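Here the structure is laid out as structure tokens; the discussion comes afterwards.
The values are calculated or read from the model by the stated rules, or taken from the named source; none is laboratory data. Just so it is clear, the structure is predicted and the values come from calculations on it, not from any experiment. Backbone-built Cβ (ideal geometry, glycine too); neighbour counts: all protein chains shown.
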């Protein structure tokens, strides 16, 4: 994928999402798999956290509330998402937002203690380059937390690709693990985060064949990849 062309596609698509109000639905959809990750992160009161692909800022707000002496930065490729995130979180003094791409994070080296990305990594034009950038902006001993529910090991999401308006990467857990190691991370660990939220008796959306497939998708769970910068 050409990073510049891909970035323009993503920006336009997620600006449309923001204008359609879809950013507000991300918290509802992703919270059941994100809350367990926050517990695993063991956030310290003075952590400096980057949310890469922050959308309308819902996760930044949640993390900031747990950091009495820390700071949170939210980055998104969509300038409209960033504008809405800044507006919605204007009263929080330990949160800031900026526009940027994962392949060229506009931040200094070694500035964050943790980087989290929820439901964003499979959109990256160059996942390997993005992970190297994540490693660059992490301080030594810092950690990366990549959470996705579109990955090859869960067969119940494979139909999403043709439904999405932008190109995506359908990689396996092993492929993501290799990319993290190649980016310089150590103690790389993949694990599943099941989604405990209820499934309706009848499913009428377009992402799954029926309620049974949605139930199996949630049972398989999202893929969480973690790694530490030496």
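Details
- Which listed residue, of 37, 49, is in contact (Cβ under 8 Å) with a residue 24 or more places away in the chain and not in a helix (DSSP H, G or I): 49
- Whichever residue in region 14-30 is touching a residue at least 12 places away in the same chain (Cβ under 8 Å) and surrounded by fewer than 16 Cβ atoms within 10 Å (Cβ to Cβ) and, among such residues, is nearest to residue 78 (Cα to Cα): 19
- When residue 128 is tested against (1) under 23 Å from residue 81 (Cβ atoms); (2) in contact with a helix residue (DSSP H, G or I) (Cβ under 8 Å, 6 or more places away or on another chain), exactly one condition is not met: (1).
- Taking the criterion of being within 21 Å of residue 4 (Cα to Cα) and touching a residue at least 60 places away in the same chain (Cβ under 8 Å), the residues of region 94-118 that qualify are 101, 103, 117.
- Per this entry, residue 85 is counted among residues that are closer than 17 Å to residue 17 by Cα and at pLDDT 95 or above.
- In the condition set (1) over 23 Å from residue 163 (Cβ atoms); (2) in a helix (DSSP H, G or I); (3) more than 17 Å from the chain's Cα centre (by Cα); (4) touching a residue at least 60 places away in the same chain (Cβ under 8 Å), residue 44 is compliant with all but (2).
- Scan of region 173-191 for residues that are surrounded by 15 or more Cβ atoms within 10 Å (Cβ to Cβ) and in a strand (DSSP E or B), ordered by number: 188, 190
- Flag for residue 227 being on the phi > 0 side of the Ramachandran plot, over 14 Å from the mean Cα position of the chain (by Cα) and either modelled with pLDDT under 95 or in a strand (DSSP E or B) (or both): no
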